[in-house]
1. What are the membrane-span-like helices in the chain by this rule: whole DSSP H runs, Cα extent along the axis at least 18 Å, mean Kyte-Doolittle hydropathy at least -0.5?
2. Tally Lys/Arg at +1 and Asp/Glu at -1 over every other residue whose Cβ is under 15 Å from the Cβ of TYR148; what's the total?
3. If you look at just the Cα atoms of segment 1-42, how large are its Rg and its Dmax in Å?
4. Do any GluC sites (Glu not before Pro) in segment 103-193 lie in a DSSP loop with no more than 15 other beta carbon atoms within 10 Å, and if so, which?
5. Which lysines have a Cα lying under 29 Å from the Cα of LYS93, excluding residues fewer than 8 positions away in the same chain?
6. Using only the C-alpha atoms of segment 203-265, find the volume of their convex hull and express it per residue in Å³.
7. Using only DSSP helix segments of four residues or longer, with each worth -39500 (n - 2.57), what per-residue ellipticity at 222 nm results for the chain after dividing by its residue count and rounding to 500?
8. May I ask you to list the aspartates and glutamates whose Cα is less than 12 Å away from that of LYS341, ignoring any residue fewer than eight positions away on the same chain?
Amino acid sequence: MSGNESDVVVTSRVRLARNIEGLPYPHKLNDDRALVIAKKVYEAVSRQKPDRGDGEYKDTGYALYRMESISDIDGGVLREKHLISADLLENRKYGAAIINESETVSIMVGEEDHIREQCILQGFALPEAYKRVNAVDDEISRAVKFAYDPKLGYLTSCPTNIGTGMRASAMMFLPGLSITHNLEKCVGAVARLNMTIRGVYGEGSEADGYLYQISNQKTLGVSEQEILASVQASIGHIAEAELQARRQLYQANETELRDRIMRSYGVLTNAYTLDSKEFMDLLAMVKLGAYYDLIKVSDAQRLEKLVSDGQPANILNLSGKKLQEEGRDIFRAAYVAKTLKSIAKRA
């Protein structure tokens, strides 16, 4: 139970908001020009060459998904994987997503801005995520001219994104701070540093499974490097506070905590039916049990992947059937039990 940032930071994301000079913003762009944007962006990124200096970044193949032609389930799967937003799904006629093979880079076309580029990587890897999305941005900028003002920077649909148009964030697993009721102190502290804490699917969403997004609020009057540095520092402080809270939690309530973790493992490996909210709550406790070495996990990545696999659209996709809510919850329980038994056991 030594603990480091990798036990707290699940994923790192850098997102860039861009608009094309001379065109109305997406909510006013209701003609075929919107479709042309997706085509130009897709062609631009498809020309991108791999970074041969990084052995993990070899796939450059991209797939183009038009919102009007994908099913509700497929759209939900992409959203649950954080590759697209709910707002993009609503723009059925003109919305599109361009996603690479490893699903680390996704580009939304026709969301709040004409183009929203993002890179999501596992763990605490903001500099690498920035490097990759910046390369994508450079490639797109050769194909289209971005709306840019010498004083304000990149022009965006929402004033809060003007300037760099950049949001750097991390998905953090914060059960210690949540259970000990110390999260509010962290929220206040990061707010003073122009950071914000949101739920698992961004603004207005719930923090299911003790998962929170921490990102910068300020994009105007600061450089991209300054944003990266401030977000990394904030994440580091929160991670340190979370690890301290986990130590305090274990010392103060070891018996109760052990019991809650073991009961959670027992339910997940034996339940007949399991809704998504209960699933997230119980899996969070199993993940915390793995941190304390109360649960032995042979495949940490597979355990983390269960978070997205267990979501409603992903479960329907995995089942290959058109299930009603009851059937979906039964399938989820069986799928989670089988997966968990293959990768985790009581210490």
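1. Those that clear 18 Å and a mean of -0.5 are 33-46, 224-268, 276-291, 325-343.
2. Summing Lys and Arg as +1 and Asp and Glu as -1 gives -2.
3. 19.1, 57
4. Listed in order of number, the matching sites are GLU103.
5. Partners within reach: LYS28, LYS39, LYS40, LYS81, LYS145, LYS321, LYS322.
6. Cα convex hull per residue, to the nearest whole number: 108 Å³.
7. -14500 deg cm²/dmol
8. Candidates past the 8-residue exclusion: ASP299.
Taken together, the values in this text are just the output of simple stated rules run on the coordinates, not laboratory data. Not measured: the values here are computed from a predicted model. Note: ideal-geometry Cβ built from the backbone for every residue, glycine included; neighbour counts use all protein chains shown.
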